[in-house]
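Asker: Mind looking over this structure? Questions follow.
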Amino acid sequence: MELIGSRYKGSTKNGRMDGEGEYTFPTDTKYVGEMKDGMFHGKGVLFFPNGSKYEATWENGLAKQGSFTFADGLQYQDNNWDYCSAYDRRFHSERSNGFRPPGETQLTDVHPPPSIPDGCYDCADGFYDPNSRVVTSYTGRFLRNTDDSEHEWIVRTCRKAWDEPAGGDPQNSFATRSEENIKIVS
């Protein structure tokens, strides 16, 4: 475990994880629950660094039955999943708490959204720096390196720091630009 950076606290039998324990992966994902012969076995929960969790019944290291809950409390459903469908694009917080008042645009599930560092993207579980190709949590902790596919998706679809309103510059306001394009016909 020390070689790959994982940690274990709990009971052991014959030098292997056995009984109740807490296994922490190098990514800071944490399993808390029952173990048998060095594997997840019985009831246990995987806690992810972004705040989501997967509660399951495990058998010899494999999840046999479980449920996933996102960091915002939304529970994933295998059947009849209607969250964020083509017909309903509301965020979970909007579904749970209602819409914000007119004029208060909600750009992310968290309102107000976190400020994006210069040159980075907000990819929903943290910030992405396209130069280093690293995703860090909103608190600055390393989450992962991206492959080409994820890099392309983030660059194509996610909020960018340079898209955020810089505040108060009348030369860049929509109203000013629109007035410049109006021709008065007499």
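Asker: Starting from residues that are of a type in the set (A, V, I, L, M, F, W, C) and part of a strand (DSSP E or B), keep the ones in the range 115-137 and report whichever is farthest from S52 (Cα to Cα).
Answerer: Out of the qualifying residues, it is V134.
Asker: Please go through the range 11-64 and pick out each residue that is in a strand (DSSP E or B), open to solvent by 60 Å² or more (accessible area, probe 1.4 Å) and under 30 Å from V135 (Cβ atoms).
Answerer: Listed by number, the residues that qualify are K30, M39, F47, K53, E55, L62.
Asker: Let me ask something else about it. With G103, G140 as the choices, which residue is open to solvent by 40 Å² or more (accessible area, probe 1.4 Å), modelled with pLDDT under 75 and not in a helix (DSSP H, G or I)?
Answerer: Result of the check over G103, G140: G103.
Asker: A further question follows. Can you go through W153, W162 and tell me which one is assigned to a helix (DSSP H, G or I), at pLDDT 85 or above and open to solvent by 90 Å² or more (accessible area, probe 1.4 Å)?
Answerer: W153
The values are calculated or read from the model by the stated rules, or taken from the named source; none is laboratory data. Note that the coordinates shown come from a computational prediction; the quantities given were computed from them, not determined experimentally. For neighbour counting, all protein chains shown are included, and Cβ atoms are generated from backbone atoms with ideal geometry for every residue, glycine included. Note: areas computed on protein heavy atoms with side chains; ligands, DNA, RNA excluded. Shrake-Rupley method; radii C 1.70, N 1.55, O 1.52, S 1.80 Å.
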